[in-house]
1. Is it the case that Thr180 is outside any helix (DSSP H, G or I), among the polar types (S, T, N, Q) and more than 30 Å from Gln38 (Cβ to Cβ)?
2. Name the single residue that is surrounded by the fewest Cβ atoms within 10 Å (Cβ to Cβ) among those in the range 164-199 being among the small types (Gly, Ala, Ser) and within 19 Å of Glu139 (Cα to Cα).
3. Can you go through His54, His71 and tell me which one is farther than 27 Å from Ala152 by Cα and touching a residue at least 24 places away in the same chain (Cβ under 8 Å)?
4. Of Ala117, Ala104, which residue is crowded, with 23+ Cβ neighbours inside 10 Å, in contact with a Lys or Arg (Cβ under 8 Å, 6 or more places away or on another chain) and farther than 25 Å from Gly11 by Cα?
5. Is it the case that some residue within the range 202-222 is among the basic types (Lys, Arg) and within 19 Å of the chain's Cα centre (by Cα)?
6. Go through the range 225-262 and count every residue that is among the hydrophobic types (A, V, I, L, M, F, W, C) and assigned to a strand (DSSP E or B).
7. For the range 146-163, name all the residues that are open to solvent by 50 Å² or more (accessible area, probe 1.4 Å) and under 22 Å from Gln121 (Cα atoms).
8. Given the conditions (1) without any contact (Cβ under 8 Å) to a residue 12 or more places away in the chain; (2) under 23 Å from Ala93 (Cβ atoms), which single one is not true for Val235?
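The values are calculated or read from the model by the stated rules, or taken from the named source; none is laboratory data. Note that this is a predicted model, so its numbers are computed, not measured. Neighbour counts run over all protein chains shown; Cβ positions are idealised from the backbone, glycine included. We work out accessible area using only protein heavy atoms, side chains counted, and drop any ligands, DNA or RNA first. Shrake-Rupley method; radii C 1.70, N 1.55, O 1.52, S 1.80 Å.
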Amino acid sequence: MPPASYPNFAGKHAEEALFTPADFAAYLRRAGALDGYQPPAGVVLCYQRSLYHHVLQAEGLKSPARQRAPHGLLLLPSTGGRVGLLGQFGIGAPAAAAALEELAAMGTGAFVSVGTAGSLQRDLDIGDLVLCEAAIRDEGVSHHYLPPGKLATAQAGMTAALGAALRQAGVPFRAGSSWTIDTPYRETVAEARRYQAEGVLCVEMEAAALFAVAEVRGLQVSSAFSISDSLADLVWNPQFNGPQVQAGLVTLYQAAVSALQAVSPGTGTP
């Protein structure tokens with residue numbers, strides 16, 4: 001028996017999909033779910049409930065009904081509706097990639113993903129900020145978009161815009177690579193040691209998938225993390241609810257909104 005390939009179907013990347021995000025958006029329009037919807041120029045993807053509720057309070061908003069399309073997206077009054085916030089849609093590569101695809105098909109071209117990550121480096125502490133420039137493709141989603149390869153690379157324009165917003169705010173951060181894996185309970189000591197030696201900064205669950213979708217669809221996407229736990233000493237040290245982590249998430253969110261407001265309306269181009 002020949003060795004298995006991934007994806008399992010050889011030549012998949014040359015094949016057309018059975019249905020596309022545009023098909024799904026057309027279905028929603030026929031069903032009336034997008035009546036009156038005006039796509040924002042940019043969207044912040046948010047995974048942590050604490051950050052989501054912080055933004056709701058700061059913007060004077062209420063959490064929308066789950067059935068509202070698309071995914072309960074909130075348009076931020078402070079930006080005149082130019083920037084949206086998407087939260088409570090799940091975590092991990094499949095959820096993030098699906099949300100990105102659908103919002104892009106509905107007219108948004110620029111995105112910043114704000115989440116948490118586990119440190120792999122001893123000099124990267126809880127609450128420190130990381131701007132992701134590339135991600136190791138150790139999840140499944142990216143392999144259905146791109147041919148085999150070790151890394152998915154962040155889109156340069158949006159990543160530069162986010163870095164500029166952080167610098168303008170006087171916020172220290174590290175720029176580098178992450179390890180994206182969609183099985184957090186199968187992160188092994190051997191893997192952590194290997195990636196630590198390679199200089200990979202952290203481990204998380206979404207970046208490689210988002211970068212792969214962005215490359216295929218021509219989207220502006222960047223990703224940044226607040227360090228919430230550490231594997232740097234090859235034991236797990238979780239601090240998800242620590243004040244430094246929460247402060248880091250808020251700082252990244254504010255920089256994300258600033259970066260997205262700097263993009264041209266409707267184009268996703270800084």
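1. In short, yes.
2. So, considering only residues that are among the small types (Gly, Ala, Ser) and within 19 Å of Glu139 (Cα to Cα), the one surrounded by the fewest Cβ atoms within 10 Å (Cβ to Cβ) is Ala190.
3. On the way: His71 fails: farther than 27 Å from Ala152 by Cα.
Result of the check over His54, His71: His54.
4. One residue alone meets the criteria, Ala104.
5. Checked against the condition, which is being among the basic types (Lys, Arg) and within 19 Å of the chain's Cα centre (by Cα), the range 202-222 yields at least one hit.
6. Residues that pass the stated criteria total 2.
7. Those that are open to solvent by 50 Å² or more (accessible area, probe 1.4 Å) and under 22 Å from Gln121 (Cα atoms): Lys150, Leu151, Thr153.
8. (2) is the only condition that Val235 fails.
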